[in-house]
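The values are calculated or read from the model by the stated rules, or taken from the named source; none is laboratory data. Just so you know, these numbers come straight off a predicted model, no measurement behind them. Glycine gets a Cβ as well: all are built from the backbone with ideal geometry, and neighbour counts include every protein chain shown. Areas reflect the complete protein model, heavy atoms only, side chains present, ligands, DNA and RNA absent. Shrake-Rupley method; radii C 1.70, N 1.55, O 1.52, S 1.80 Å.
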Amino acid sequence: MSENIRNFCIIAHIDHGKSTLADRLLEHTGTVARREMKEQLLDDLELERQRGITIKARAVAMDFKLGGKTYELNLIDTPGHVDFQYEVSRSLVCCEGVLLLVDAFQGVEAQTVANAYAAMEHELQIIPVINKIDLTHARPDEVAEEMMNSLGTDPDECVRVSAKTGEGIESLVEAIIAHIPAPTGDADAILQAMVFDSNYDDYRGAITYVRIMQGTVRTGQKIQFLRAGTQHEVVEIGRFVPHRESCAELKAGQVGYLICNIKSIGDVHIGDTISRAGSGAAEPLPGYARPKRMVYCGLFPSDGQDFSELRDALERLAVNDPSFEFEPETSDALGFGFRCGFLGLLHMEIIQQRLENESDIDLVQTAPNVTYEIVNKRGETISIHKPQDVPDPGDIEEFRQPIVRCSVIVPNDFIGAVMKLCQERRGIQQSQEYLGAQRAMITYHIPLAEVVYDLHDKIKSCTRGYGTLDYEMVGYEAADLCRLDIMVNGNRVDALSVVCNRADADRRGRAVAKKLKAEIERHMFEVAVQAAIGSRVIARETVPAMRKNVTAKCYGGDITRKRKLLQKQKEGKKRMKAIGNVEISQKAFMAVLSDNEQD
Amino acid sequence: MDSLVDVWPTPRAAYLHVPFCRHRCGYCNFSVVADRDDLIERYLKAIDKELRILGRPVVDTLFVGGGTPTHFDIKTLDRFLGMVGQRFQLADAGEWTMEANPEDITSEKITLLAEYGVNRISLGVQSFNPNKLALLERGHSAQVATAAVELAAEVIGNVSIDLIFAAPGETLADWLTDLELAIQLPLQHLSTYALTFEKGTRFWSRRERGDLQSPTESCEVDMYQRTRQVLAESLFKHYEISSFAKSDARCRHNLAYWQGCGWYAAGPGAARFVEGKREVNHRSTTTYLRRMESGQCPTAETEKITREQYARERAAFGVRMIDGIDLDVLTSETGISIAEICSDSIGLSISEGLVEVPSPHWIKLSERGILFADTVASRLLG
């Protein structure tokens, strides 16, 4: 049976047509009729997209007859944002092969390279696929050559398709059956299944997504989650076709779902192993490497009352995205909120977007920072997730920052601009390769903090949007760093502290002080806005004291109007945060936090 | 105290709004119609109808404002004043103020006003400086204004003028010249206002466009402080944020507002305070007329205020009077102890040097507090 199973996923750069290709495969294999296609699947996908959760690792079983045999093709969808190595690897573990999808016009992008390497590391069979060959400007031959240069794939093996028109899909399905190995694993062995995702159904509870590595699971069977140590009875087993369709059993090599009356999705841990209950369970699978969070920021509801709503929303997200973590944080300036850790910048943006879309919460985000390491005078190494935790300069022996290997793929015309930018950001060039006649891949070692700060935006703008960037951790290196504080009348505004390179401190301090000054309303007294490193003030701006607050005329008709006006002003004041005796509006923080020194 | 719950001051004052103007000035956001003299007949009927139901109450003060009440031609003015006299009974030694524009003042009109019993004129002079008058879009010259004041003083006696300061481009020296000219005139009362940019006016949009720029805040403060000094030297007593009066020429009508008395009001956009309700008539003259003509109520907004709100408003607006307010009187008349419910905010204002306690139960703005009256008022409103 298992020799007729093919488990694969599609990896691609954003917008290279992954979803469209998945649709065509469903259609070609007759899993979903073309007529239903638009009504059913796309709507469903749209909904998934709205919720943004299960789309990350959607699994679809497709039955397909070829040469007298019926094959079970399991497409395990990788996250829409494929630069999450961690999420991609979750899907890869469940597959024997991948379709490496590249746009026939755009060609190889930075994330394509990163994902292809990940697939290679998992020793998966790679089928290179060039999509969008119907485009007028398609250049499939050049792209095949780029793929060879950057990924080592054979141009002759590239399957050329148009997911839009359906051209080439038949030969792609044949290639999947011919080249992707069938899963190994004994259906009679002790049950061992990988939990690769989960979601929550209001009526059925947690739905656990599994790939059976060995053995067989049946309805009514008692199972246990090895890592969680919990036992459950299997109430329903099934496959996604693409809706849930129950079946009696799932055997080694198959992909499907389990429903076990689990009330809380928090009880299902992605990466856990399922085996039979009681003694004699299988060995736990390696699971997934715990993702390392490299970027942190504070998230605060812009209205303090949403705190519990924000917590609920974060919990919901964290359940389906274990790479994201958060803990409560209190800021003098922003009130109660959370310090959140992300895999990278894109991850951070996506989480934020989801929070705002799904929970309708207005967020204030503090400037993102990376995880620093500090060796203190006592020789201890501390990880620093937020600037406020940086000890006094006198207690720091060594201040280390994470360095990443940044790969930038750019059209040749923009190489100079990108190199200049990377050098300004303290990058050290590692290599430069030409992918084809038009484009090159430049590799730099750059402090992650520089990438987080604005490198991505800057690369996009200096390459007119054509440059793509990807990065991976290299390690920590000592650097001349310092904590830059912003003080208002002598009181530190915790939310505005940043860690930066000492050489940049003056420039950044001046910029922030200037911006904050412009945002602070005048008080009855003078307000000093200062930027400081330790006790040394490096920039100062002054908000002069208000000299009057009196409206000249007040006649009879004015009484109601004026009272309302004064009360409205007062309402506005109530929502302000007090730093010492200075009241600062949330808008002011947001203005300072949102655009990093554009002036 | 319970007995006070529904006792509201019986109005002893009345405000009548005359919306007609020759021209709407760029800074004006009052309920005004310019160049619509065709509506005057309808207006006279409408306001008469509105006042008729009051049953000719006795009032201590009458204030006819606008717009420009003196915009009426002499015959219409005659009818209007006659109507007012029929609808109100002015108490002995009552105060009847008419607002007027200098260019409308003729000896014929002024004599007519005096005959009907008008005993106080408030002239919208605003400035004597030709450039400033042009900028403010006023229709008179310094000569016309001076002549109007002199004539009104001769016939009516009690004359007040309004002056605007901190107009775009105005310097402290310009303003002092205006003041010097003013104090040489036979005036009993002066109101000085810093030009306010109100939303919905042409000045507002001109400032938004960057076409107009106000003098700096410190220049405005200087102008105000010098005003207080110059007028004090000329024996005008500063008795409210923007009001100055010779010995006993305070505007009793305005005092009624600030002291929380009740008052009637009629005409488009007019605000009244009767039986604990603050009401404002519809601001549009045509809507006002339509409503009155179809037997509808002209009121656009009604707000029944609570005793506490009443007490807070009395404190907040009363404190604008330079002598301050007697909190004991306030408590006995409202049933609410402001000293108690506002003790924190009064304490804060005292500690910040904005409010002084000249004698037990009294609070008044300090020298510095006069410049921060809104801050103090806002705290009292809670």
Have a look at the protein assembly as shown and give its Rg and Dmax from the Cα atoms, expressed in angstrom. 39.6, 119
Heavy-atom accessible area per residue of the range A:482-598, all protein chains kept, 1.4 Å probe, expressed in Å², is 46 Å²
Quantify how strongly other chains surround peptide B:371-377 by giving the mean number of their Cβ atoms within 10 Å of each of its Cβ atoms. 6
Rounded to the nearest Å, the spacing of the alpha-carbon centers of the range A:526-588 and the range A:360-389 is 31 Å
Estimated vicinal HN-Hα couplings, Hz - the range B:253-269 in sequence order (Karplus 6.51, -1.76, 1.60; Gly, Pro = x): 5, 5, 4, 4, 4, 5, 8, x, 6, x, 7, 8, 7, 8, x, x, x
Using only the alpha-carbon atoms, how far is helix A:345-359 inclined from the longest principal axis of chain A? Give it as 0 to 90 degrees, nearest 10. 90 degrees
May I ask which of A:Lys517/A:Lys573; A:Lys548/A:Lys568; A:Lys18/A:Lys251; A:Lys458/A:Lys577 have a Cα-Cα span longer than 22 Å here? A:Lys18/A:Lys251; A:Lys458/A:Lys577
Helix A:502-519 sits at what angle to the longest principal axis of chain A, using alpha carbons and giving 0 to 90 degrees rounded to 10? 70 degrees
How large is the accessible surface of B:Asp6 in square angstrom, using a 1.4 angstrom probe and rounding to the nearest 10? 110 Å²
Can you send over the solvent-accessible area of A:Met148, 1.4 Å probe, protein chains only, in Å² to the nearest 10? 80 Å²
Rg(Cα) of the range B:307-381 divided by 2.2 N^0.38 Å? 0.95
Kindly express, to the nearest 10 degrees and within the range 0 to 90, the angle between helix A:415-424's C-alpha long axis and the longest C-alpha principal axis of chain A. 50 degrees
Residues whose placed amide H lies under 5 Å from that of A:Leu66, excluding near-sequence neighbours: A:Tyr71
On the accessible surface of the protein assembly as shown, probed at 1.4 Å with all protein chains in place, carbon and sulfur together account for a percent value of 48 percent
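Trypsin sites (Lys or Arg not before Pro) within the range A:464-540: which are DSSP loop residues with at most 13 other Cβ atoms inside 10 Å?
On the way: sites: A:Arg464, A:Arg483, A:Arg492, A:Arg502, A:Arg507, A:Arg508, A:Arg510, A:Lys514, A:Lys515, A:Lys517, A:Arg522, A:Arg536, A:Arg540; in loops: A:Arg464, A:Arg522.
Answer by residue number: A:Arg464.
Suppose accessible area is computed on protein heavy atoms with a 1.4 Å probe; arrange A:Thr230, B:Thr375, B:Thr306 from highest to lowest. Mind dumping the intermediate values first?
Details: A:Thr230 45, B:Thr375 20, B:Thr306 75 Å².
From most exposed to least exposed: B:Thr306, A:Thr230, B:Thr375.
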State, in square angstrom and to the nearest 100, the accessible area buried between chains B and A, both chains counted, probe radius 1.4 Å. 3000 Å²
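Compute the accessible area per residue over chain B, keeping the other protein chains in place, probe 1.4 Å, unit Å². Each step should come with its number before you reach the end.
Details: 15490 Å² over 382 residues.
Counting only protein heavy atoms, the per-residue value for chain B is 41 Å².
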Residues of the range A:516-559 buried by at least 50 Å² on assembly (accessible area, 1.4 Å probe, chain alone as reference): A:Met524, A:Arg547, A:Lys548, A:Asn549, A:Val550, A:Ala552, A:Lys553, A:Cys554, A:Tyr555, A:Gly556, A:Ile559
Enumerate by residue number the trypsin sites (Lys or Arg not before Pro) in the range B:177-216 meeting two conditions: DSSP loop (anything except H, G, I, E, B), and at most 14 other Cβ atoms within 10 Å of the site's Cβ. B:Lys199
